[in-house]
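K.L.:
One structure, as structure tokens, below. Some questions next.
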Amino acid sequence: MAASSFYVTTPIYYVNAAPHLGHAYTTIAADVLARHHRQRGQDVFFLTGTDEHGEPVKLAAEREGITPAELADRNYEHFKALAPRLGASNDFFIRTSDAAHMAKVQEVLTRVKDNGHAYEGVYEGWYCPRCADFKTEREIDPGNTCPIHKIPLTREHEHNWFFRLSAFQEPLERLFADRPDFVRPQARFNEALSFIRGGLQDVSLTRRKVDWGVSVPWDPSQVFYVWWDALLNYYTALSYARPGEDLTERFWPATFHLVGKDILKFHTVYWPALLMAAGLPVPEHVFVHGFLLMEGEKMSKSLGNVLDPFEAIDRYGADALRYYLLRDVSFGQDGSVSAAAFEGRYERELANEYGNLASRTIAMIDRYRGGEAPQVRHDPALDEDFDGLIEQISELLDRAEVTAALDQIWQRVRRLNRYVEERAPWKLAKDAAAAGELDVVLASLAEGLRVLTVLLQPWLPQTAQRLLAALGAPDHALEAARLGARRVGRVERLEPLFPKHG
């Protein structure tokens with residue numbers, strides 16, 4: 001991958017039910033990273049999509065009395081519709097039922113076999129049909145139940161092809177030793193490494209009892225275990241996302257895979273081992289985020305405690321949802337979400353702190369200077385707060401710390417609000433002798449607001465576009481986010497960015 005390239009992925013989402021807020025969460029975080037790196041002038045590719053094979057989808061279809069393909073076609077449409085509703089700027093939406101994906105899966109996994117990493121054997125052990133996961137003894141809750149779905153595990157006895165995962169014990173330990181930032185945050189790195197050090201056992205590469213999947217070229221009576229099919233999407237998509245063009249050399253390996261902690265094992269252990277077995281480079285980073293909790297439980301379709309992202313967008317707009325999820329829950333940690341907390345952040349921060357700052361600044365320039373922002377240097381009193389801010393935000397986002405980066409920007413939103421109160425431009429406007437001082441204050445507010453809006457563009461893309469246009473300074477390249485780098489021109493009054501809701 002070229003040094004100027006940035007490739008970010010979400011997990012692909014199961015089509016066994018409609019999307020919920022947890023899916024929106026990961027997609028929004030990935031979009032923030034993609035938009036920020038585009039601001040830096042990098043060549044960006046952002047991938048999301050749907051995971052359509054395997055037992056969870058087949059079982060859900062059977063419950064509805066339809067075929068897996070019918071269920072996949074129906075629910076895929078909901079997931080595909082969610083991305084643009086969220087303001088996501090993904091470059092491609094992959095389906096694992098795509099013929100080009102399935103052909104590439106067969107090619108890569110045949111290479112794994114040809115490299116000596118597949119053999120025939122019998123699997124016997126515990127299995128969760130909802131996770132589509134063969135559980136090791138240390139992953140089982142009391143009573144042989146699934147720690148994630150809280151359901152009894154099934155005892156499986158199946159003649160399959162196996163992946164020689166155990167052969168990658170030392171290579172994986174070496175990867176973690178050489179790349180201490182391979183998995184983030186640190187607690188997830190430690191968890192993955194602990195799993196590896198606990199001893200790796202060979203795992204099923206194929207399934208004989210499941211017929212909804214990618215067929216095995218050398219044994220058509222079986223399909224590939226859904227996780228190998230799904231994990232390979234990050235690699236296969238690059239080969240056909242743009243017709244007639246193979247983007248693999250341009251973007252592989254991925255810069256960041258964003259995943260939830262419930263699929264840590266697959267992405268931090270199985271996935272790099274599979275890539276090694278195929279002779280392919282492993283990703284640069286896997287960032288593992290926590291769960292969105294409601295009433296203390298993970299938000300999950302199977303548990304029935306989900307919030308509908310479409311409803312939140314209809315009421316408050318996509319930018320408000322994007323802001324809330326990445327502001328209220330520190331990315332990488334578990335965190336509780338609620339309608340009340342959402343409304344509180346919306347009212348207190350988006351409407352009052354940022355929206356009101358924008359309205360006041362434009363209104364004062366309009367009232368005191370006829371809509372023309374004074375063309376004078378900003379107040380040097382703000383330099384200390386803004387100097388080095390681009391570099392600080394970039395450094396945090398290079399580690400996918402999207403909440404910490406947002407917090408740094410928001411501290412400056414509050415600094416500008418304090419600046420308004422400290423300088424009281426409405427008082428300066430009453431004193432003709434203070435006209436020059438008022439010019440500096442208004443220019444400083446306009447310029448500070450412009451800089452912060454450029455920086456906020458990855459989180460609030462629609463709002464940023466509106467506000468920068470109203471400030472007569474539409475440039476949102478990252479280098480524009482320095483005080484004095486651009487000038488606010490003629491301002492235009494605009495409707496409240498975040499209107500109050502009764």
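We did not get these values from a lab; they are worked out from the coordinates using the rules stated. Note that this is a predicted model, so its numbers are computed, not measured. Here Cβ is always computed from backbone atoms with ideal geometry, including for glycine, and neighbour counts include all displayed protein chains.
K.L.:
Would you please put 111-120, 342-351, 49-58 in order of how densely packed they are, using the mean number of other Cβ atoms within 10 angstrom per residue and starting with the highest? Please list the in-between numbers first.
P.N.:
Working: 111-120: 15.5, 342-351: 17.4, 49-58: 25.4.
Final packing ranking: 49-58, 342-351, 111-120.
K.L.:
Neighbouring Cβ atoms within 10 Å as the yardstick, rank ILE313, ILE140, ILE28 fewest first. Provide the component values of the computation, followed by the final result.
P.N.:
Working: ILE313 19, ILE140 16, ILE28 27.
Neighbour counts put them in this order, fewest first: ILE140, ILE313, ILE28.
K.L.:
Let me ask something else about it. Toward the positive end of the charge dipole of the chain, about the Cα centre and with charges on Cβ (Lys, Arg +1; Asp, Glu -1), which of PRO283, PHE189, ASN417 goes farthest?
P.N.:
Comparing the listed Cα positions along the dipole, ASN417 ranks first.
K.L.:
Here's another thing I want to ask about it. Using the Cα centre as the reference, give the magnitude of the dipole from point charges on the C-beta atoms of the chain (Lys, Arg: +1; Asp, Glu: -1; all else neutral), rounded to the nearest 20 debye.
P.N.:
Numbers: 57 positive and 70 negative charges, 169 e Å.
Taking the Cα centre of the chain as origin, the dipole is about 820 debye.
K.L.:
Could you work out how far helix 55-64 tilts from the main Cα principal axis of the chain, as a 0 to 90 degree angle to the nearest 10?
P.N.:
With rounding to tens, the tilt is 90 degrees.
K.L.:
I've got another one for you. Place the peptides 362-372, 250-260 in order of packing, highest mean first, counting for every residue the other Cβ atoms within 10 Å and averaging per peptide.
P.N.:
On the way: 362-372: 16.5, 250-260: 21.3.
Per-residue Cβ counts within 10 Å, averaged per peptide and sorted highest first, yield 250-260, 362-372.
K.L.:
Please report TRP218, TRP271, TRP410 as a ranked list, fewest other C-beta atoms within 10 angstrom at the top and most at the bottom.
P.N.:
Details: TRP218 13, TRP271 24, TRP410 18.
Ascending Cβ contact count within 10 Å gives the list TRP218, TRP410, TRP271.
K.L.:
Also: Whose amide H sits under 5 Å from the amide H of PHE163, counting only residues 5 or more places off or on another chain, with H placed in the peptide plane?
P.N.:
Close amide H contacts, sequence-distant or interchain: VAL203, SER204, LEU205.
K.L.:
Karplus couplings for the range 76-90 from phi (6.51 cos²θ - 1.76 cosθ + 1.60, θ = phi - 60°), rounded to Hz, Gly and Pro as x?
P.N.:
Couplings: 4, 4, 5, 5, 5, 6, 5, 4, x, 5, 7, x, 6, 10, 4 Hz.
K.L.:
If you take the charge dipole of the range 5-313 about its Cα centre, with +1 on Lys and Arg Cβ and -1 on Asp and Glu Cβ, which of VAL57, PHE251, VAL122 is farthest toward its positive end?
P.N.:
Projecting each Cα onto the dipole axis, the largest value belongs to PHE251.
K.L.:
Please compare each pair in LYS113/LYS261; LYS58/LYS261; LYS135/LYS265 to a cut-off of 20 Å on the Cα-Cα distance and tell me which ones are over it.
P.N.:
Details: LYS113/LYS261 29 Å; LYS58/LYS261 24 Å; LYS135/LYS265 11 Å.
Beyond 20 Å: LYS113/LYS261; LYS58/LYS261.
K.L.:
Can I ask one more? Can you find, among PRO217, TYR234, LEU478, the residue farthest towards the positive end of the dipole of the chain? Put +1 on the C-beta of Lys and Arg, -1 on that of Asp and Glu.
P.N.:
Towards the positive end, the residue furthest out is LEU478.
K.L.:
Taking only C-alpha pairs under 8 Å that are 6+ residues apart, what is the relative contact order of the range 338-480 in percent? Don't skip to the end; give the middle numbers.
P.N.:
Numbers: 102 pairs, mean separation 40.4, N = 143.
Taking the mean separation of contacting Cα pairs over the length of the range 338-480, I get 28 percent.
K.L.:
Taking the Cα centre of the range 61-152 as origin, sum charge times position over the Cβ atoms of Lys and Arg (+1) and Asp and Glu (-1), and report the length of that vector in debye to the nearest 20. Write down the numbers at each step before the final one.
P.N.:
Numbers: 12 positive and 15 negative charges, 57 e Å.
The calculated dipole for the range 61-152 is roughly 280 debye.
K.L.:
Hey, rough spin-label estimate for GLU70 and LYS500, points 7 angstrom out along Cα→Cβ, what's it come to in nanometres?
P.N.:
In this crude label model, GLU70 to LYS500 measures out at 5.1 nm.
K.L.:
Note down the net charge around LEU175, summing +1 for each Lys or Arg and -1 for each Asp or Glu among other residues with Cβ under 14 Å from its Cβ.
P.N.:
Values: positive: ARG174, ARG179, ARG197; negative: GLU170, GLU173, ASP178, ASP181, GLU284.
Combined, the nearby Lys, Arg, Asp and Glu give -2.
K.L.:
Rounded to the nearest Å, what's the spacing between the alpha carbon centres of the range 327-367 and the range 268-289? Just the number, please.
P.N.:
38 Å
K.L.:
Can you give me the distance in nm between label points at LYS430 and ALA477, each placed 7 Å from the Cα along the Cα-to-Cβ direction?
P.N.:
With each label point 7 Å from Cα toward Cβ, the separation is 4.5 nm.
K.L.:
Let me ask you something else. How high is the relative contact order of the range 451-502, given as a whole-number percent (alpha carbon pairs under 8 Å, six or more residues apart)?
P.N.:
Details: 47 pairs, mean separation 18.2, N = 52.
This gives 35 percent for the range 451-502.
K.L.:
In whole percent, what relative contact order does the chain give with Cα contacts below 8 Å and a gap of six or more residues? Mind dumping the intermediate values first?
P.N.:
Details: 822 pairs, mean separation 79.2, N = 502.
Once normalised by length, the contact order is 16 percent.
K.L.:
For the residues TRP228, TRP426, what sequence is obtained by ranking on other C-beta atoms within 10 Å, fewest first? Before the final figure, lay out the partial values.
P.N.:
On the way: TRP228 23, TRP426 13.
The order, fewest Cβ neighbours first, is TRP426, TRP228.
K.L.:
Continuing with this model, one more query. Place the peptides 284-292, 330-338 in order of packing, highest mean first, counting for every residue the other Cβ atoms within 10 Å and averaging per peptide. Walk me through the numbers on the way to the answer.
P.N.:
Numbers: 284-292: 22.1, 330-338: 17.6.
Ranked by mean Cβ neighbours within 10 Å, highest first: 284-292, 330-338.
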